[in-house]
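All remarks here apply to the structure that follows.
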Amino acid sequence: MSAEQYLRTPLLTGDNVYSKRVEIAAYFNATFERYESLFETLADDQAYYQKSIALRHPLIFYYGHTATFFVNKLLLAGLIDKRIDPKFESMFAIGVDEMSWDDLNDAHYAWPTVAEVAAYRQQVKVVINDIIANAPLVLPINWQNPWWTIMMGIEHEHIHIETSSVLIRQQALDLVRKHDAWQPWTKTAAAPTNELVSISSGTVNVGKSTDDPIYGWDNEYGSHQADINAFQASKFLVSNHEFLAFAEAGGYENDDYWLAEGLQWKNFSKATHPTFWHPSEQGWQLRLMTEMVAMPWDWPVEVNYHEAKAFCNWKATQTGLSVRLPTEDEWLRIYDFAGVEELTATKAPANIHCDYAASSCPVNYFAHGDLYDVIGNVWQWTETPIYPLEGFEVHPLYDDFTMPTFDGRHNLFKGGSWISNGNESRKAARYAFRKHFFQHAGFRYVVADELEEQPVSNYENDKMLSEYAEFHYGDTYYDVANFPETLANIAIKALGDKPAGKALDIGCAVGRSSFELAKHFDHVTGIDFSARLINLGVQLATQGLIRYSIADEGELMLHRERRLDDLGLASVAEKVEFLQGDACNLMPHFTGYDLVIAANLIDRLYDPALFLSTIHQRMNVGGVLLIASPYTWLEEHTKKENWVGGFKKDGENVTTLDGLKSVLGDHFDLMQAPQQVPFVIRETSRKFQHTLSDVTLWVKR
């Protein structure tokens, strides 16, 4: 690779606009061409269309995806005013990867030819270079600056350089070819014996401020501080040779070493060794990106979280020590202890940023203080599920980058790999994957205190998901009719003979109202802030059934299966789409609705007045707005100064209905007196919540 391809993510500050344009143009073009060269490792067009693994799109999707991402984000930022190819920008926009190892997607797509996608990419390249050369630029480039989306697109392509390289590594060997720009490391020798290094106690700080001069993803901003007790860390990453001892000791056969989820994955996948290891008559071999080589035993083993955790549990039984993976905080303490510094323009002192070769290298090659490979070589799994830092905010132009991972099921890995570029190579980077995922990822272990309860999502959990599933699709209790179905029927009745083209179910949760509305409307969009809830609606729409467990008593559970067909809704599923979004910050294309339902939503929003004062922009004249809410205003959801009602002003009561009339009055008329609709939420077999929701109907003038 040429020297310019090693460009680091640039400073977004300065006072020379021209030089900043030149710098960003160089960064963009180097990244774009690196992505192009990666796909040159595919031997022929068949390699683009044959899936590497059943759970992911074929590589043609990823080839087109990064270019369409640029276009879609630049449109939102106002840097372009028209699409280049609307079909491509829809087809390649979103790749819903599996959330579990058994989420097979059998959908068939009419993919374009490789030549068509290549030509499209070149069109996008020309447009972006024109923007960089001519669009107004005011420094610094921050979240509010339209140019932030240019950096977002570049760093997004860096992510897909890495993820696509993993898919290429999993492609059939006869469908890939060697490439001069992607030559692997060749040195190998006997693996070193690992040992423990004492890490002194210290304080770590996580999180960037909004004025940080380097691009970052939303999960990097905010603050977190932790005091770390002294502990020990393995000097080297776990090598293939060190992991071999676990495999030969029956580590994959002994269920005792595996956590419950890991055991489920192991049994489902029938794994008996790391996925990139291949047995042969000559002994173990290692699959690299474009070739198979004799096993380099001194290179780091590449495994998923489940395998790394099982190794640690085995190691603990062998040594009698408290062996586990480090937490994110402990990895940061290792980083500080080792004296690692951010990368400069010179060649990295680590196997990172494609500075050396297109593969891992020996674990004892790059020293960082008393340890090796604190950064680079392979990502390092941690025990920490990704969580929002204090002060976390969703970026308005990419609201689903991190939010879907705040579910307690995506673990952080740190340090970057040999192919980690730009933002990925920074200390502040916080990337997380499902525990069964394979990346260029391995691990080091620590001997440390027992783990405290790990931070999990502030937004969703399994108990909530199962209660919503039962609330929407389960049994009725105490003769109270199904609430989402009732609201849909009230709205349809209020609409009368008005047009029924499009409906918006905002705060749709798991989607029952959306499906019910589809019996009357041509198209229904269900939007919710929670990715987990949306995924349940998607599962129903695509598979027609869901299975979940609800609490009976104590640890006892009852298992439920619900089918759309049994509810008379299967025939309308194709008219419903579910998307993640923020009710207070909807994307511009959500418009033209004849009906909007906001069910039990307004008293859970951070800025309900903002939602109420702008929702008319999404609706057609004569359209109907249904608002249902128990008006349970709580400061944990909405700051008191943002409440629409439920407070005293100048000594007088201000009800929520008063507030609704005040905010909506400029654009809506109240159609009829409010009505109270009951609903029941089941917690256990003997505990239920009974609530009344105030339902108001408004017609847009």
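Nothing in this text is a laboratory measurement; each read-out follows from the coordinates by a stated rule. Keep in mind the model is a prediction, meaning the values are calculated, not measured. Neighbour counts are summed over all protein chains in view; Cβ atoms, including those assigned to glycine, are modelled from backbone coordinates with ideal geometry.
Using a Förster radius of 35 Å, what is the FRET efficiency between PHE688 and ASN145 based on their Cβ-Cβ separation? Nearest 0.05, please. Don't skip to the end; give the middle numbers.
Working: r = 50 Å, r/R0 = 1.44.
Efficiency, from the Cβ-Cβ distance: 0.10.
Report ³J(HN,Hα) in whole Hz for each residue of the stretch 132-145, in order, from the Karplus equation J = 6.51 cos²θ - 1.76 cosθ + 1.60 where θ = phi - 60°; Gly and Pro get x.
Running phi through 6.51 cos²θ - 1.76 cosθ + 1.60 with θ = phi - 60° gives 4, 7, 10, 5, x, 9, 10, 8, x, 8, 10, 4, 7, 7 Hz.
Given the options SER165, GLY64, ILE53, identify the residue whose Cα lies farthest towards the positive end of the charge dipole of the stretch 3-182 (+1 on Cβ of Lys, Arg; -1 on Cβ of Asp, Glu).
Towards the positive end, the residue furthest out is GLY64.
Name the residues of the stretch 609-630 whose amide N is less than 18 Å from a point 7 angstrom out from the Cα of THR591 along the C-beta direction?
Taking a point 7 Å out along Cα→Cβ of THR591, the residues of the stretch 609-630 whose backbone N falls under 18 Å are 611-624.
Note down the net charge around LYS414, summing +1 for each Lys or Arg and -1 for each Asp or Glu among other residues with Cβ under 13 Å from its Cβ. Intermediate results must be reported in sequence, preceding the final value.
Details: positive: ARG333, ARG426, LYS427, ARG430, ARG444; negative: GLU220, GLU328, ASP329, GLU330, ASP336, ASP373, GLU383, GLU424.
Cβ neighbours under 13 Å give a net charge of -3.
Treating the angle as unsigned and between 0 and 90°, give the value, to the nearest 10°, between the Cα long axis of helix 305-319 and the longest Cα principal axis of the chain.
Value to nearest ten degrees: 50.
Once phi is turned into θ = phi - 60°, what whole-Hz ³J(HN,Hα) does the Karplus curve with 6.51, -1.76 and 1.60 give for every residue of the stretch 289-297, x standing for Gly and Pro?
Whole-Hz 3J(HN,Hα) from phi for the stretch 289-297: 5, 10, 7, 10, 10, 4, 4, x, 5.
Karplus couplings for the stretch 156-166 from phi (6.51 cos²θ - 1.76 cosθ + 1.60, θ = phi - 60°), rounded to Hz, Gly and Pro as x?
4, 5, 4, 4, 7, 4, 6, 5, 5, 4, 5
Quick check: net charge around TRP148, other residues with Cβ under 12 Å of its Cβ, Lys/Arg +1 and Asp/Glu -1?
Summing Lys and Arg as +1 and Asp and Glu as -1 gives -1.
Among MET464, ASN351, PRO608, whose Cα lies farthest out toward the positive end of the dipole of the chain, if unit charges sit on the beta carbon of Lys, Arg (+1) and Asp, Glu (-1)?
PRO608
Full extension from LYS51 to ASP449: what is 0.36 nm times the residue separation minus their Cα-Cα distance, to one decimal in nm? Present the calculation step by step, with values, prior to reporting the outcome.
Details: separation 398, 0.36 × 398 = 143.28 nm, distance 4.29 nm.
Net length gain for the segment: 139.0 nm.
Apply the Kirkwood formula to the stretch 273-330: the hydrodynamic radius equals the inverse of the mean of 1/r over all pairs of different alpha-carbon atoms; give it in Å with one decimal. Show your work: numbers first, answer last.
On the way: mean 1/r = 0.0749 Å⁻¹.
Radius from the Kirkwood sum: 13.4 Å.
In terms of modelled amide H atoms, which long-range or inter-chain residues lie less than 5 Å from the amide H of PHE688?
Distant-sequence amide H within range of PHE688: GLU683.
Relative contact order (percent) for the chain, with alpha-carbon contacts under 8 angstrom and 6 or more residues of separation?
Relative contact order, the chain: 11 percent.
For mean projected area of the Cα convex hull in nm², one of (1) 28.7; (2) 30.7; (3) 33.1 was computed from the structure I shared and the rest are decoys. Which label?
Recomputing mean projected area of the Cα convex hull in nm² here picks out (3).
Pairing the Cα long axis of helix 483-495 with the longest principal axis of the chain, what angle in degrees results, from 0 to 90 and rounded to the nearest 10?
Between helix and principal axis, roughly 50 degrees.
When the Cα centres of the stretch 172-246 and the stretch 376-437 are compared, how far apart do they sit, in Å?
Computed from Cα coordinates, the inter-centre distance equals 13 Å.
Express as a percent, rounded to the nearest 5, the fraction of DSSP beta bridges in the stretch 462-700 (both residues included) that run antiparallel. Each step should come with its number before you reach the end.
Numbers: 30 of 50 bridges.
The antiparallel proportion sits near 60 percent.
What is the distance, in nm, between label points placed 7 Å from the Cα along the Cα-to-Cβ direction at ASP370 and at GLU393?
Distance between the two pseudo-spin positions: 4.2 nm.
Are there any trypsin sites (Lys or Arg not before Pro) in the stretch 212-311 that are in a DSSP loop and have at most 11 other Cβ atoms within 10 Å? List them by number. Walk me through the numbers before you get to the answer.
Numbers: sites: LYS235, LYS266, LYS270, ARG287, LYS309; in loops: LYS235, LYS270.
Answer in residue order: LYS270.
Please report the relative contact order for the stretch 546-701, taking Cα pairs under 8 Å with a sequence separation of at least 6, and give it as a percent rounded to a whole number.
On the way: 240 pairs, mean separation 35.4, N = 156.
Computed over the stretch 546-701, the figure is 23 percent.
Can you tell me the length gained on complete extension of the stretch ASP212 to ALA189, counting 0.36 nm per residue apart and subtracting the Cα distance?
Details: separation 23, 0.36 × 23 = 8.28 nm, distance 4.22 nm.
Computed gain between ASP212 and ALA189 is 4.1 nm.
Let me know the whole percent of all Cα-Cα pairs from the stretch 462-700 that are separated by more than 34 Å.
Working: 3794 of 28441 pairs.
Here the tail beyond 34 Å accounts for 13 percent of pairs.
Per the helix-only calculation at 222 nm, which mean residue ellipticity applies to the chain, given -39500 (n - 2.57) for every DSSP H run of n ≥ 4 and division by its residues, nearest 500 deg cm²/dmol? Display every interim value, and only then the final one.
Working: 16 runs with 200 residues, N = 701.
Taking each H run of at least 4 residues, the total per residue is -9000 deg cm²/dmol.
Can you give the angle from 0 to 90° between the axis of helix 328-338 and the longest principal axis of the chain, with both taken from C-alpha atoms, to the nearest 10?
For helix 328-338, the angle is close to 30 degrees.
Stokes-Einstein at 37 °C, 0.692 mPa s, Kirkwood radius from Cα pairs: D for the stretch 575-666 in µm² s⁻¹?
232 µm²/s
List the GluC sites (Glu not before Pro) within the stretch 177-265 that DSSP assigns to loop and that have no more than 16 neighbouring Cβ atoms inside 10 Å. Write down the numbers at each step before the final one.
On the way: sites: GLU195, GLU220, GLU242, GLU248, GLU253, GLU261; in loops: GLU195, GLU253.
Passing sites in the stretch 177-265 are GLU195, GLU253.
May I ask you to list the residues of the stretch 666-701 whose amide nitrogen lies under 19 Å from a point 7 Å from Cα along the Cα→beta-carbon direction of VAL621?
Only 666-671, 698-701 fall inside the zone, counting backbone N under 19 Å.
Which of the pairs LYS20/LYS347; LYS87/LYS519; LYS178/LYS270; LYS463/LYS687; LYS498/LYS700; LYS347/LYS427 have their Cα atoms more than 20 Å apart in this structure? Mind dumping the intermediate values first?
Values: LYS20/LYS347 22 Å; LYS87/LYS519 28 Å; LYS178/LYS270 30 Å; LYS463/LYS687 14 Å; LYS498/LYS700 12 Å; LYS347/LYS427 17 Å.
With Cα atoms farther than 20 Å apart: LYS20/LYS347; LYS87/LYS519; LYS178/LYS270.
Among PRO678, LEU12, PHE39, whose Cα lies farthest out toward the positive end of the dipole of the chain, if unit charges sit on the beta carbon of Lys, Arg (+1) and Asp, Glu (-1)?
PHE39
Rounded to the nearest 5, what is the percent of antiparallel bridges among the DSSP beta bridges in the chain?
Values: 61 of 84 bridges.
Around 75 percent antiparallel, to the nearest 5.
Measuring from label point to label point, each 7 Å out along Cα→Cβ, what is the LYS640 to GLN225 span in nm?
Going by the 7 Å Cα→Cβ label model, 2.8 nm.
From Cα pairs below 8 angstrom and at least 6 apart in sequence, can you work out the relative contact order of the stretch 409-535, rounded to a whole percent? Walk me through the intermediate numbers first.
Details: 118 pairs, mean separation 22.5, N = 127.
Once normalised by length, the contact order is 18 percent.
Considering only DSSP beta bridges where both residues belong to the stretch 492-590, give the percentage that are antiparallel (nearest 5).
Details: 8 of 18 bridges.
Around 45 percent antiparallel, to the nearest 5.
Between MET671 and GLU555, what is the spin-label point distance in nm, taking each point 7 Å from the Cα along the Cα→C-beta axis?
5.1 nm
So if we plug the beta-carbon distance of ILE681 and VAL293 into 1/(1 + (r/R0)^6) with R0 = 41 Å, what FRET efficiency do we get, rounded to 0.05?
Details: r = 57 Å, r/R0 = 1.40.
Once rounded, the FRET efficiency stands at 0.10.
Suppose R0 equals 51 Å. What FRET efficiency, 1/(1 + (r/R0)^6) with r the Cβ-Cβ distance, do MET464 and ASP180 give to the nearest 0.05? It would help to have the intermediate numbers written out before the result.
Working: r = 52 Å, r/R0 = 1.02.
Efficiency computed from Cβ-Cβ geometry: 0.45.
Order of ARG560, ARG426 from fewest to most other C-beta atoms within 10 Å? Present the calculation step by step, with values, prior to reporting the outcome.
Values: ARG560 16, ARG426 20.
Lowest count first: ARG560, ARG426.
Please identify which residues in the stretch 132-158 have an amide N closer than 17 Å to a label point set 7 Å out from the Cα of ASP15, following the Cα→Cβ vector.
138-141, by backbone N distance to the label point.
So, counting K/R as plus one and D/E as minus one, what does the shell of residues with Cβ under 13 Å around LYS700 add up to? Could the numbers behind the result be given before it?
On the way: positive: LYS498, ARG618, ARG701; negative: ASP594, ASP666, ASP669.
Once all neighbours under 13 Å are counted, the net charge is 0.
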